[in-house]
Structures are given as C-alpha cells and as structure tokens.
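Read the structure below first, then the notes.
The values are calculated or read from the model by the stated rules, or taken from the named source; none is laboratory data. None of the values given here were measured: they were computed from a predicted structure. All Cβ positions, even for glycine, are placed from backbone atoms using ideal geometry, and neighbour counts span all protein chains on display. Note: accessible area is taken over every heavy atom of the protein model, side chains too, but ligands, DNA and RNA are not part of it. Shrake-Rupley method; radii C 1.70, N 1.55, O 1.52, S 1.80 Å.
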Amino acid sequence: MENTKWDKLWINANIASMADGKLAYGLRKNSAIASKNGLIVWIGRMDELDFNPAEKSEQVFDMGRKYLTPGFIDCHTHVVYAGSRAHEFEMRLKGVKYEDIAQRGGGIQSTVQATRQASEDELFEQSIVRVQSMMQEGLSVLEIKSGYGLNIESEIKMLRVAKRIGQKFNLHICSTFLGAHTVPKEYTGRSNDYVEYVCREMIPFIAEEKLAHAVDVFCEKIAFNLDQTEKIFQTAKNYNLLIKCHSEQLSNSNSAELAAEYGAISVDHLEYLSETGIKSLTKNGTTAVLLPGAFYFLRETKFPPIELLKSHNVPIAIATDCNPGTSPTTSLLLMMNMACTLFRLTPEEALAGVTKNAAKALGLSKTHGTLEVGKVDHIVSWDIDHPAELSYLFGQNPCHKIYR
Ligand SMILES: [Zn+2]
C-alpha cells in the first residue's frame with residue numbers, strides 16, 4: 001500500500017466488482033475499496049487494512065456489509081424529447097389503428113413536431129425529469145441520442161440539451177447523432193435526398209462542433225435501407241465518429257453485419273439477428289445491446305437469439321431505450337428484471353449488461369463498467385442481501401447511495 005492519503009475509502013463492503021474472476025459477479029465479500037483523484041487505487045479484504053482508516057483516507061464510508069456495484073450505464077436512450085404519447089397509447093387500447101393515429105399526425109412525427117417546437121430550455125426542463133428518475137437507480141453514464149429534430153437546427157438543439165444534462169448532474173454523457181432515425185415529413189418519398197442532407201451537412205457540422213461521439217442509424221423497412229445505412233456509416237467513418245446501429249428489430253436487413261464490418265461499437269435490438277450476423281459481431285468485437293422495454297411495450301413475440309449470442313461469446317448489454325413511442329421507461333432495474341424474465345438472462349448477465357458490457361457498448365471499457373484498480377470510482381451501494389436481488393425485484397428500488 002502506498003503512503004499517500006486516499007480521498008475515499010469504503011469499508012465493510014460486499015463488492016460485486018463485475019471484474020473477471022473465479023467468483024460470480026466478481027464478488028469480494030467483507031472487503032474495502034479506495035480511490036484517489038476519481039480513480040480506484042486499491043481493493044482488498046478488510047483484514048488487509050492494517051491501519052486506522054480515518055488516518056489513511058480523507059473520507060471513510062462504513063458500508064455495514066451493504067453491496068457495492070459499479071455505477072450503472074444506460075447505453076441506449078432517446079431521453080431528450082418533448083411532449084408525451086400517452087394519448088396515443090390510450091387511443092390504441094380503445095381500438096384505434098396505428099395507421100389512423102399516424103394519419104392524424106401521431107406516431108414519431110408528433111414527437112418530432114413537439115421537439116422542433118420546444119425551445120432549448122423547454123426541452124431541457126422536460127428531459128431532466130426523466131434523467132433524475134434514472135439517477136435514483138445508480139446511473140453514472142448515460143448515452144443520449146438525437147433523432148427527433150431531423151433538421152440541423154433541431155438536431156443540434158437536442159445534442160446541446162444532452163451536453164447541459166451532463167453539466168447539471170455531473171453525469172458522463174455519450175451523445176449520439178441519430179439524424180437517420182426516420183424520414184422527416186418534408187422529405188416524404190425522397191429519403192435518398194434526406195440521407196444526402198445527413199451526410200453532406202449534418203455529420204460534418206456535428207463532427208466539427210464535437211457534438212456527438214457516435215453516429216447511429218435506424219435500418220428498417222419503415223426507416224432507412226441497407227444502402228442508405230452504409231452511406232451514413234462511410235461518412236461517419238470519414239469524420240472519425242464511432243458507429244452504432246438500430247438493427248434487425250422488426251425484420252432482418254443484415255445491418256448488424258454491415259455495422260460490425262464498419263467496426264461498430266454496438267448493434268441494438270436484434271430480435272431478427274441471423275447467425276451470420278452474430279459471427280460478424282464476434283469477429284469485429286461488436287457488443288449486442290438488448291432492449292427488453294421495447295420488446296415488452298410492442299408486445300413482440302420474436303426473441304433475440306440469446307443462446308447463439310452467448311455461444312459465440314458476444315458481450316450482451318441491456319438498456320432502457322427510453323423513448324416516448326416504444327419504451328417509455330427510465331428504469332434500468334426493471335430492464336434487468338425483463339432481461340431475465342423475458343429473455344432468460346441470468347441475474348449476473350443482467351448486471352453485466354448494465355455495467356461491464358454497457359461500458360463496452362460505449363467504448364468505455366478501459367475506464368468504466370467494473371470496480372478494479374485504475375477505473376473511475378463511480379460506485380453504488382445497495383440495500384440487498386445478494387446481487388441477484390437487483391434483477392429479481394421489480395417496481396422496487398433498493399439503491400442506498402450513489403458515490404460519484
Ligand atoms: Zn432506440
């Protein structure tokens with residue numbers, strides 16, 4: 001142990017480090033963990049602490065056998081948007097067809113309209129309510145996509161709001177440009193022209209202003225085709241932006257394979273993913289992000305190929321997909337439960353999905369996602385008797401405290 005004084009020391013803790021090791025959850029019972037300048041500098045058993053903790057560290061937290069995990073990471077969200085679609089939810093449950101709702105100006109276009117009309121401050125105020133709710137469950141890193149602006153001014157407004165959220169809450173934000181979320185109304189029947197606009201004007205500006213770290217595309221029959229998707233990937237690559245993709249959610253378009261070949265950090269949804277696609281993920285080190293909230297809310301019946309993903313050693317992350325149309329949730333804990341009940345992941349895999357593998361999905365493995373020496377000291381304490389409870393409980397939040 002070094003002689004300098006630590007900043008923070010957690011003692012008498014059960015640590016679900018999620019680091020690779022012999023024990024499930026990377027578990028270290030009755031242990032202590034120390035940090036300095038925001039980084040973990042020491043982890044060990046309590047009996048290895050042969051000094052007075054108060055003399056060794058500025059702050060000492062006695063956890064009384066509570067469980068510690070890495071800070072949670074939500075690696076796929078559309079949390080910045082204006083308006084609500086609750087009335088559409090109600091109309092559909094009263095028997096109105098989706099096409100009729102869309103014709104009356106509903107669906108994603110209604111969110112686009114509300115987001116365009118909102119001022120930056122209004123958009124910020126509406127979005128932070130959801131982020132505050134996420135933070136109550138131990139959130140430390142949040143991915144936020146644009147994609148309800150669909151013109152350069154409104155897409156920039158969304159990405160600026162994302163940045164402000166990070167500043168307000170001291171949260172690590174990964175912003176993603178999703179200009180290719182859907183074809184805006186004014187480009188109806190001219191999707192190639194819109195893709196041209198995305199590639200020629202939007203991506204260069206966003207790269208120049210450093211407003212996003214990655215570019216995402218919704219590749220689907222109702223959105224953008226494979227050729228258009230590749231054009232956007234190529235442009236993103238030219239501007240040194242990371243690549244990710246909404247892939248194989250409603251049909252198989254082979255976009256996961258294409259994204260992986262372009263070095264995508266993640267491909268997301270994946271209900272219709274093929275084995276060829278899975279092999280491509282393994283080969284290129286791409287993380288699979290599963291979104292059980294959307295699967296549940298849309299009452300899907302086609303399951304993502306979980307067993308094949310596991311047998312091909314593809315890292316699986318779990319996220320909320322927080323959005324007003326298909327997954328109006330802010331709860332990663334609920335997503336962990338759904339990943340287990342709907343997708344049959346184990347509780348340990350679900351926890352890895354919102355920590356270690358979510359960090360991979362954002363390209364943050366070196367610094368985030370596990371409690372190990374050298375990583376950030378984003379730590380959450382939980383009032384539980386075993387880490388499986390985090391997936392087992394639903395509608396209950398056992399978060400005790402968040403240390404960031
Ligand atoms: Zn999404």
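Of the residues in region 274-303, how many are in contact with a helix residue (DSSP H, G or I) (Cβ under 9 Å, 6 or more places away or on another chain), within 16 Å of G353 (Cβ to Cβ) and not in a strand (DSSP E or B)?
Final tally of qualifying residues: 8.
Just to check your reading of the model, which residue among K360, K401 is within 30 Å of V41 (Cβ to Cβ), in a helix (DSSP H, G or I), touching a Ser or Thr at 6+ places or on another chain (Cβ under 7 Å) and basic (K, R)? Can you show your working first?
Working: K401 fails: in a helix (DSSP H, G or I).
Exactly one residue qualifies, and that residue is K360.
Is it the case that some residue within region 330-348 is at pLDDT 95 or above, open to solvent by 10 Å² or more (accessible area, probe 1.4 Å), more than 10 Å from the chain's Cα centre (by Cα) and on the phi > 0 side of the Ramachandran plot?
Checked region 330-348: at least one residue is at pLDDT 95 or above, open to solvent by 10 Å² or more (accessible area, probe 1.4 Å), more than 10 Å from the chain's Cα centre (by Cα) and on the phi > 0 side of the Ramachandran plot.
Would you point out the residue of region 252-273, among those that are within 16 Å of the ligand (Cβ to nearest atom) and in a loop (DSSP other than H, G, I, E, B), that is surrounded by the fewest Cβ atoms within 10 Å (Cβ to Cβ)?
My answer is Y272.
Could you check D321 against (1) away from the ligand (no atom under 16 Å from the Cβ); (2) outside any helix (DSSP H, G or I); (3) open to solvent by less than 20 Å² (accessible area, probe 1.4 Å) and say which number it fails?
In the conditions (1) away from the ligand (no atom under 16 Å from the Cβ); (2) outside any helix (DSSP H, G or I); (3) open to solvent by less than 20 Å² (accessible area, probe 1.4 Å), D321 misses (1) alone.
Can you run down the residue pairs with Cβ atoms below 6 Å, 6 or more apart or on separate chains, where the first is in region 387-404 and free of Cβ contacts under 8 Å to residues at least 40 places away in the same chain and the partner is surrounded by fewer than 17 Cβ atoms within 10 Å (Cβ to Cβ) and acidic (D, E)?
Filtered contacts from region 387-404: P398/D383.
May I ask you to list the residues in region 222-239 that are within 16 Å of the ligand (Cβ to nearest atom) and surrounded by fewer than 20 Cβ atoms within 10 Å (Cβ to Cβ)?
I222
Working only within region 279-313, note down all residues that are more than 16 Å from the ligand (Cβ to nearest atom), of a type in the set (A, V, I, L, M) and surrounded by fewer than 24 Cβ atoms within 10 Å (Cβ to Cβ). Walk me through it before giving the result.
In the first step, residues of region 279-313 are kept if they are more than 16 Å from the ligand (Cβ to nearest atom); the result is 279-286, 299, 301-303, 305-313.
Okay, now just the ones that are also of a type in the set (A, V, I, L, M), so 281, 306, 308-309.
Result: I306, L308, L309.
Return the residues of region 128-158 that are assigned to a helix (DSSP H, G or I) and surrounded by fewer than 24 Cβ atoms within 10 Å (Cβ to Cβ); say none if nothing qualifies. Steps first, please.
Here is the first cut: in region 128-158, the ones assigned to a helix (DSSP H, G or I) are 128-135, 152-158.
Within region 128-158, I128, V129, R130, Q132, S133, M134, M135, I152, E153, S154, I156, K157 qualify.
Scan the strands (runs of 3 or more DSSP E) fully inside region 1-119 and keep the ones with 1 or more residues being surrounded by 13 or more Cβ atoms within 10 Å (Cβ to Cβ) and free of Cβ contacts under 8 Å to residues at least 24 places away in the same chain. Walk me through how you get there before you give the answer.
Working: elements: 6-16, 27-36, 39-45, 57-62, 67-70, 72-74.
In region 1-119, the matching strands (runs of 3 or more DSSP E) lie at 27-36, 39-45.
Search region 145-170 for residues that are away from the ligand (no atom under 16 Å from the Cβ) and pair each with any residue that is β-branched (V, I, T) and open to solvent by 10 Å² or more (accessible area, probe 1.4 Å) when their beta-carbon atoms are under 8 Å apart and the residues are at least 6 apart or on different chains.
Note: pairs meeting the criteria are K163/I173; I165/I128; I165/I173; G166/I173; K168/I128; F169/I128.
P204 - would you say it is farther than 17 Å from N323 by Cα and open to solvent by 20 Å² or more (accessible area, probe 1.4 Å)?
It is true that P204 is farther than 17 Å from N323 by Cα and open to solvent by 20 Å² or more (accessible area, probe 1.4 Å).
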